[in-house]
Amino acid sequence: MGSTMTDQIESPTVRKVYHRLIPLLFLMLFFNYLDRSNIGFAELDMGDKLRLGPSIFGFAGSIFFLGYMVLEVPSNLLLHRFGARRWIGRILLTWGAVAALTAFVYDDTSFCVMRFLLGVMEAGFLPGIAVYVTKWFPERYRARAVGGYIIGNSIAAVLGGPSSTALMKYLDRFASLAGWQWMFIVAGAAAMILGLVAFRAMAERPADVKWLTAEQKAWLESALESEREALGGQRHVPVLRVIRDSRVWSLSILFGCALVGIYGLLLAGRFEPLSFGHQRC
């Protein structure tokens, strides 16, 4: 009897959590991809206007990952201190602001600086989302939850080209700004709006929301707490111990290098063949 009642609570609870959280996380991943990769489309017009060669775009595309990799671990330590909702919202607001301000770069140096800052502000986002999912989905449902939002990258890869080039074409010279400037502004503003939505729509734990019943909250909190206890509970790990752990940095570097390779291939197909002249950042 108890098992039957649990089954009646479990499925509707997980379904409700999925429909509440995953669409928002999906949109975050969608614009995360756009803000990283849209320099490939901007190069079509931005390069001529600012006299930036392919080598500058290649360097700017790579320097993004320097700040991203170095601050990945510290960012996630801060996420645990301030809470996933606040930290993810902060990441979205600051990365969106930097992405939008990229519209006003004026030379190779300012362009590279903004791309570096974008990586700094985005650091910890993907791992932070993964941590957030563990606070809401029992282990047997997490793969579906992760799949539901991570596909945002793939869809952005398909829709990013048409949407970015459409902005560049139809908003060109609107309010005296070039189309590539509007592309940065619109994508950055979307991330900032999602950051504000995150502060309001995301909650730190199931007990904090009103859209779950008392029975659903009790079941979900109990299921998640049982899993945490099986893993040793929420033991406090000193920050210095984390920073000194070579495994943490090895995995961070591995993840960062994988991203450099993936985005390098994506961007390389959009840039002209590299011409290593005298341009430099």
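We did not get these values from a lab; they are worked out from the coordinates using the rules stated. Just so we're clear, the structure is a prediction, and the values are computed from it rather than from any experiment. Counting neighbours? That spans all protein chains shown, and the Cβs are built from the backbone with ideal geometry, glycine included.
Odds and ends about this structure:
- Rounded if a/c under 1.5, otherwise prolate or oblate - the stretch 171-256, Cα gyration tensor axes: oblate
- Cα shape, the chain, gyration tensor, a/c 1.5 rule: prolate
- Approximating the spin labels as points 7 Å out from Cα along Cα→Cβ, the Lys135-to-Asp245 distance works out to 1.9 nm.
- Selection from Leu21, Pro162, Ser55 lying farthest towards where the dipole of the chain points positive, charges on Cβ: Leu21
- Ascending count of other beta-carbon atoms within 10 Å, so fewest first, for Thr134, Thr13: Thr134, Thr13
- Mean residue ellipticity (222 nm) of the chain, computed from DSSP H runs ≥ 4 via -39,500 (n - 2.57), nearest 500: -26500 deg cm²/dmol
- Using alpha-carbon coordinates, inclination of helix 214-230 to the longest axis of the chain, degrees: 80
- Evaluated over the chain, the count of Lys pairs having alpha-carbon atoms less than 25 Å apart is 6 (only pairs 8 or more residues apart or interchain).
- Extreme residue, positive dipole direction of the chain, given options Ala201, Asn32, Val146 (C-beta unit charges): Ala201
- The stretch 9-88 and the stretch 182-198 have Cα centres spaced 11 Å apart.
- Evaluated with a Cβ-only charge set (Lys, Arg +1; Asp, Glu -1), the stretch 35-145 carries a dipole of roughly 760 debye about its Cα centre, given to the nearest 20.
- Acute angle (nearest 10 degrees) that the helix 72-82 long axis makes with the longest principal axis of the chain, alpha-carbon atoms: 50
- Selected from Tyr149, Tyr132, Tyr141 as most flexible by GNM, with the chain as the system and alpha-carbon contacts under 10 Å: Tyr141
- Global form of the stretch 96-167, assessed from the alpha-carbon gyration tensor, a/c cut-off 1.5: oblate
- Simple spin-label estimate for Tyr106 and Ser154 gives 4.4 nm between the two label positions (7 Å along the Cα-to-Cβ direction from each Cα).
- Here the spin labels are modelled as points 7 Å beyond Cα on the Cα-Cβ line, and at Ser226 and Leu77 they lie 3.5 nm apart.
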